[in-house]
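Let me begin by presenting the structure, written as C-alpha cells, before commenting on it.
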Amino acid sequence: MNPHGRRESDPRAQHLLARFTLRFGKITGPVPVDAVARDLLGLFVMESDDIQVSGLLVPDRRYVYLNAREARESEGRRRFTLAHEIGHWVCQCDEGRAGSPEPILCRESDMASRTGGALEREANNFAASLLMPEQGVRQAAADGLDVEAAAELFGVSDIAMEWRYFNLEITDARPGRER
Amino acid sequence: MSDIPALAEEFRQAYAAGEHPDAAAFLARVPEDQRDELGRLIRAVLADEPPPDPAPETLLMVQAMRRGEPPLLELRTARGMTRDQVVSDLREELGLEPADEQRVAVYYHELETGQLPLAGIRDRVFEAVATVMGVARSSLLLQGPQGGGAGAPQAVYARAEPGTEVNLDALAALPGEPGAVDDLFTGGPG
C-alpha cells in the first residue's frame with residue numbers, strides 16, 4: 001500500500017511474465033494466464049460445475065479448479081480467478097518450495113481474520129499485476145483508453161480495470177464493488 | 001558364441017559418450033557362461049575411463065532438484081514445450097487413442113510434478129517421455145513422491161463466497177474407466 005492508500009504493483013508478477021517470455025516467447029495480446037499456469041508453472045487447471053467456490057488451489061497436487069458456471073458467464077472473471085490462484089501459488093506456496101502450508105479456506109471467518117484477509121489481498125494484487133501489467137496499463141491510459149476499452153484490451157472485467165486505474169492513480173474514483 | 005570384446009567396446013563407447021549404459025542390460029545380452037568375461041571387461045572400462053560429463057539436460061534437471069523444483073517440468077519449460085504438446089506427442093508415442101488424451105494428461109501432470117510413484121511406471125513410458133523430450137533415456141532424471149507420496153491434500157486456497165464448502169474428494173476422480181493408460185503409468189516395471 002502506498003502513502004496514498006493505493007496498492008502498488010507486485011514485482012513478482014512482472015518477474016513471472018519475464019520468465020514466461022524467456023521460455024515461451026513474446027506475449028502479444030492479453031496475458032495468456034492459462035499458459036502461465038499450465039505451461040510455465042506446471043499447474044493443472046480444470047473447470048468444474050461441482051464446486052461452490054470461484055476458484056480453488058490444491059498445492060500438494062498442483063491442481064487449480066475453476067467454477068465452470070462463472071467461467072461461462074464471464075471470461076474476464078475466469079481469468080482473474082485463475083490469476084488469483086496463481087498468486088497464492090507464487091506468493092504463499094513459493095511455487096511448491098514452501099512445503100505444506102497451513103490449511104486456508106476462504107470462508108467468511110477466514111476473510112474476516114487478519115491473516116486470511118491479507119493472503120487474499122496479496123493474491124488479488126498479484127492477479128491484477130499479472131493480468132494488467134503496470135507499464136501497459138499506463139500506456140493504455142496515456143493513449144486515452146477509458147476503463148471499458150482498457151478492460152477489453154487486457155481481457156479483464158470492467159471492475160478489475162477500475163480498481164487497477166484507481167490503484168495506479170490514473171483515476172481518483174474509488175470503485176465500489178469487488179472484482 | 002557372442003562377440004564379447006565387441007560388446008565391451010560398445011559399452012565403452014556409450015559410457016564415454018555420457019549415455020550411462022546399463023551394465024546389467026549388456027550382461028543380459030550374452031549367455032550365462034560368458035557373463036563373467038563380459039563383466040570383467042566392463043569393470044575394466046569403468047576403472048579406466050574418466051567419468052563422462054553429464055549431459056546438459058541432466059545438469060539442468062539436477063539444478064532444478066537442488067532448488068526444490070520438479071526436474072521434468074524444468075526440462076520441458078527449458079525446451080519451450082507446452083504441456084499440451086508433450087501430452088499429445090506422448091499419447092502418440094505410446095500408441096494410445098485420441099480419446100485417452102485426457103487421462104494421459106492427468107498422469108503426465110503427476111509424473112512431471114513428482115507425484116507419481118516411479119516404481120509403478122512401465123519402461124515404455126520412460127522411453128516415450130525421453131523421446132518426446134528429445135533426450136537420451138539415461139539422461140532423464142525423474143522424481144517420485146517425497147515424504148510418503150500423495151495423500152490427502154494438506155492445504156487448499158479457495159476464492160470463495162462466504163460460507164461455502166469444498167468437497168475435494170468429489171473432484172479427485174479420474175475421468176472414465178481404468179484401462180491401458182492406467183496400466184502404463186501404474187502397472188509396474190516391464
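The set of residues from region A:53-73 being within 7 Å of chain B (Cβ to nearest Cβ) and surrounded by fewer than 22 Cβ atoms within 10 Å (Cβ to Cβ) comprises A:ASP60, A:ARG61. Taking region B:67-118 as the range and being of a type in the set (Lys, Arg) and assigned to a helix (DSSP H, G or I) as the test, the residues that pass are B:ARG76, B:ARG83, B:ARG91, B:ARG103. Please work out if A:ASP39 is among the charged types (D, E, K, R) and facing another protein chain (nearest Cβ under 9 Å). Spelling it out, A:ASP39 is indeed among the charged types (D, E, K, R) and facing another protein chain (nearest Cβ under 9 Å).
Are any residues in region B:20-34 part of a loop (DSSP other than H, G, I, E, B) and more than 21 Å from B:PRO54 (Cβ to Cβ), and if so, which ones? B:ALA28, B:ARG29, B:VAL30, B:PRO31, listed by residue number. Here the condition is being without any contact (Cβ under 8 Å) to a residue 24 or more places away in the chain and exposed (fewer than 14 other Cβ atoms within 10 Å of the Cβ); of B:ALA64, B:ALA28, it holds for B:ALA28 alone. In region B:77-132, the residue that is farthest from B:PRO145 (Cα to Cα) out of those that are without any contact (Cβ under 8 Å) to a residue 60 or more places away in the chain, away from chain A (no Cβ under 14 Å) and of a type in the set (A, V, I, L, M, F, W, C) is B:ALA99.
Does A:VAL90 count as out of contact with any His (no Cβ under 6 Å at 6 or more places or on another chain) and facing chain B (nearest Cβ under 7 Å)? Against the criterion (out of contact with any His (no Cβ under 6 Å at 6 or more places or on another chain) and facing chain B (nearest Cβ under 7 Å)), A:VAL90 does not qualify. A:ALA150 meets the conditions (1) surrounded by 21 or more Cβ atoms within 10 Å (Cβ to Cβ); (2) touching a residue at least 24 places away in the same chain (Cβ under 8 Å) in every case but one. The failed one is (2). The set of residues in region A:43-52 that are surrounded by fewer than 23 Cβ atoms within 10 Å (Cβ to Cβ) and within 7 Å of chain B (Cβ to nearest Cβ) comprises A:PHE44, A:SER48, A:ASP50, A:GLN52. When we screen A:VAL156, A:VAL137 for residues that are in a helix (DSSP H, G or I) and either among the aliphatic types (A, V, I, L, M) or modelled with pLDDT of 95 or more (or both), the only hit is A:VAL137.
The values are calculated or read from the model by the stated rules, or taken from the named source; none is laboratory data. Keep in mind it's a predicted model, so treat the numbers as computed, not measured. Note: ideal-geometry Cβ built from the backbone for every residue, glycine included; neighbour counts use all protein chains shown.
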